[in-house]
Structure formats: C-alpha cells, structure tokens
Amino acid sequence: MTEIIDGNAVASEIRDNLTDAIETLADAGSRPGLATVLMGDDPASQTYVNMKQRDCEEVGIESHHVDVAGDAPPETLYDTIADLNADPEIHGYIVQAPVPDHVDYREVIRRVDPAKDVDGFHPENVGRLVAGDARFRPCTPHGVQKLLEDAAIDLEGKDVTIVGRSDIVGKPLANLLIQKADDGNATVTVCHSRTTDLAAKTRGADVVVAAAGAPELIDGSMIGDGAVVIDVGVNRVDADNEKGYELVGDVEFESAKERASAITPVPGGVGPMTRAMLLYNTVKAASLQNGVDVDLP
Ligand code: NAD
C-alpha cells in the first residue's frame with residue numbers, strides 16, 4: 001500500500017511542539033514577533049501574507065504587517081526594512097515575493113538583517129547553509145526534510161533527484177541533502193529546464209522531489225518502483241468547478257501513486273510544512289536574539 005504522507009498532520013504536530021518554546025520565550029519577556037511586508041497588491045501574495053498572520057496568531061507569535069505601495073520607490077521599501085532591522089520586537093520578517101519589477105529583489109534580501117532573515121535567503125545565511133552551519137533553513141526545503149524524517153525515510157546513501165534549481169527550493173534542498181548529517185547523506189541529482197532525458201534521472205531515483213512549477217510534469221512512468229515522491233509544486237489549472245480552477249502538483253498523483261511507496265498530495269503535502277517552518281524559524285530567531293534556550297521540534 002502506498003503511504004500518503006500527510007503534511008497537515010506533521011505540520012500540526014510541529015506547531016503544537018513550538019507552542020511550548022513560544023511560552024518559554026514569552027515568560028522570559030521575549031514573545032517571538034514576525035512581520036510580513038507586502039509591496040503592491042498582488043492577490044495571491046495577499047493571501048499568503050494573511051495565512052502567515054493567521055498561523056502566528058494560532059501559536060502565540062506576535063504578528064505585524066507593513067504594506068508598501070506598489071508604485072513607491074525602492075527606497076520606501078528599504079526604509080521599512082531598516083525600521084524592522086532596528087525594532088527589538090520583530091525577531092524575524094519576510095518581504096513577500098514577488099516585488100514589483102522596478103525593485104531589485106536581490107538588493108532587498110541583502111538589506112535584511114541576517115539574524116532576522118527567517119526566509120533564509122540572505123547571502124550570509126545561504127553561505128552558512130552550504131558550509132553545513134545553517135542558521136535558518138529555508139522553509140520549503142526544511143519542510144521537505146521534516147516530512148521525510150517523519151515518514152522514517154533514511155536518506156543515507158540514497159539517490160535523490162530534485163527537479164528544479166530555484167534559489168528557494170531546489171538549490172537549498174540539494175545542499176541540505178548532501179550534508180554529512182543524519183537528515184542528509186544522500187547522493188543528489190538536480191534537474192532543470194535544460195536537463196536532457198529527465199525521465200531517466202527521475203526513474204533511477206530512490207526519492208524524487210518535484211519543484212518545477214510545471215503541472216503534472218512527472219507521471220507514473222517516470223517514477224521507479226517503490227520510490228518516495230515529494231511534490232512541492234502548486235499550480236493553478238482551469239477546472240470545471242465553482243472557482244474555475246483547481247490546484248495540482250508537478251506530479252500526476254494517480255499514476256505516480258501506483259509506483260511510489262510513499263507520496264505527498266497537493267494540497268496537503270509540502271504546503272502546510274512551509275508555513276510551519278516559518279514559525280519554527282521565527283521562534284529560533286527570537287531564541288538566538290534573546291539568548292533564551294528552547295527545545296525546537
Ligand atoms: P521557479 O520557477 O523559481 O523554478 C522552477 C525550476 O524548475 C527552475 O529551476 C526550472 O529550471 C525548473 N523547471 C521548470 N520546468 C522544467 C521542466 N520541464 N523540466 C525540468 N525542470 C524544469 O519555481 P519555485 O519557486 O522553485 O517553485 C516551484 C514550484 O513549487 C511552483 O509550483 C511553486 O508554486 C511551488 N512552491 C510551493 C511551495 C510550497 O510551500 N508548497 C513553496 C515554494 C514553491
């Protein structure tokens with residue numbers, strides 16, 4: 001029987017375990033605080049920001065939000081970032097991507113205090129991760145690691161194929177999984193839009209992680225017998241329902257399930273883990289900034 005990996009359940013357990021750490025920090029006078037910054041009024045970004053705020057409230061993290069007008073000059077966003085860097089009640093913050101075209105996202109990231117960079121995108125944090133000394137693991141790759149750990153999938157010596165080389169998913173995940181560590185020790189192949197014979201690379205893998213943003217790119221014929229399939233993709237496709245669309249992953253779930261030993265659904269797989277790991281990083285940031293030790297799940 002193929003195991004359907006339940007991201008909602010694992011994320012819920014992580015959130016529950018974080019609440020103890022949050023109350024320990026609050027008792028020590030430093031309740032964790034997370035800010036979200038949204039430049040412009042992209043509806044999808046608005047939804048993500050709302051979800052992050054709600055997640056904070058549920059576990060007892062103070063949430064703050066700053067809106068920046070979409071047509072403001074980059075300096076307005078930089079000023080917001082400088083204010084958040086200086087605010088002792090904000091332990092972590094995220095600048096919701098994408099930012100408008102006239103703003104250089106890399107420059108935005110460079111201005112975030114690395115100690116408050118709970119996305120883990122600042123070059124200092126990327127460097128630390130590659131060096132095997134991560135301060136903040138980016139939320140989606142960290143969530144994937146936690147799902148694999150919860151499903152008791154030991155990666156030591158396993159072949160993992162990651163489809164996608166983005167800075168937020170594919171690259172950091174590849175770097176994490178090759179680390180000499182209990183949740184690493186894998187042999188990783190990273191595929192991308194210029195990869196030839198993608199099917200051969202996925203079919204030969206013990207674990208396939210799909211993060212391409214291409215609806216149902218990977219079907220059952222591309223999955224080896226008994227492989228573990230983690231589907232990071234979230235794609236809107238037209239559907240004959242009230243909303244007019246549905247969400248599908250980068251994996252064709254039904255055919256892949258026939259071959260896999262374990263597989264994540266979309267939705268309800270990696271998505272809730274990404275949200276939980278943002279809370280995790282915020283708690284870790286508050287702990288580090290205030291010198292209060294807490295147990296992290
Ligand atoms: P991205 O567009 O930045 O990167 C996509 C990567 O996939 C690129 O490296 C590209 O080379 C590769 N790619 C695209 N088409 C390919 C193909 N046909 N064959 C091989 N490689 C191909 O995307 P991203 O930000 O990494 O996100 C990837 C997907 O994951 C999206 O669907 C996104 O919505 C989703 N996502 C989900 C979560 C979550 O929490 N569930 C978080 C982040 C991203």
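The values are calculated or read from the model by the stated rules, or taken from the named source; none is laboratory data. From a predicted model like this one, the values you see are computed outputs, not experimental measurements. Cβ: placed from backbone, ideal geometry, glycine included. Neighbour counts: every protein chain shown.
Residues that are among the polar types (S, T, N, Q) and not in a loop (DSSP other than H, G, I, E, B) within the range 224-270 comprise 235, 255, listed in sequence order. Would you call residue 216 of a type in the set (Asp, Glu) and closer than 19 Å to residue 164 by Cα? Yes; evaluated as a whole, the condition is true for this residue. For the condition within 30 Å of residue 252 (Cβ to Cβ), exposed (fewer than 15 other Cβ atoms within 10 Å of the Cβ) and modelled with pLDDT of 95 or more, residue 12 qualifies.
Listed here are the residues, each with its yes/no results for (1) surrounded by 18 or more Cβ atoms within 10 Å (Cβ to Cβ); (2) in a helix (DSSP H, G or I); (3) among the polar types (S, T, N, Q).
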site	(1), (2), (3)
174	yes, yes, no
179	no, no, yes
182	no, no, no
185	no, no, yes
188	yes, no, no
196	no, no, yes
201	yes, yes, no
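Does residue 134 count as outside any strand (DSSP E or B), away from the ligand (no atom under 13 Å from the Cβ) and either buried (at least 24 other Cβ atoms within 10 Å of the Cβ) or not assigned by TED's automatic domain parsing to the domain that holds residue 249 (or both)? The answer is yes for residue 134.
Screening 104, 79, 117, 83 for residues that are more than 30 Å from residue 205 (Cα to Cα) and touching a Gly at 6+ places or on another chain (Cβ under 8 Å) leaves exactly one candidate, 117.
Scanning the range 78-96 for residues that are touching a residue at least 40 places away in the same chain (Cβ under 8 Å) and within 23 Å of the chain's Cα centre (by Cα) turns up 81, 84, 90, 91, 92, 93, 94, 95, 96. Inclusion of residue 160 among residues that are within 15 Å of residue 229 (Cβ to Cβ), assigned by TED's automatic domain parsing to the domain that holds residue 226 and near the ligand (Cβ under 10 Å from one of its atoms) is not warranted. Considering the conditions (1) within 26 Å of residue 126 (Cα to Cα); (2) buried (at least 20 other Cβ atoms within 10 Å of the Cβ), residue 68 is excluded by exactly one of them, (1). Here is the figure for the range 137-157: residues that are in a loop (DSSP other than H, G, I, E, B) and more than 11 Å from the ligand (Cβ to nearest atom) total 8. Considering the conditions (1) at positive phi; (2) without any contact (Cβ under 8 Å) to a residue 40 or more places away in the chain, residue 120 is excluded by exactly one of them, (2).
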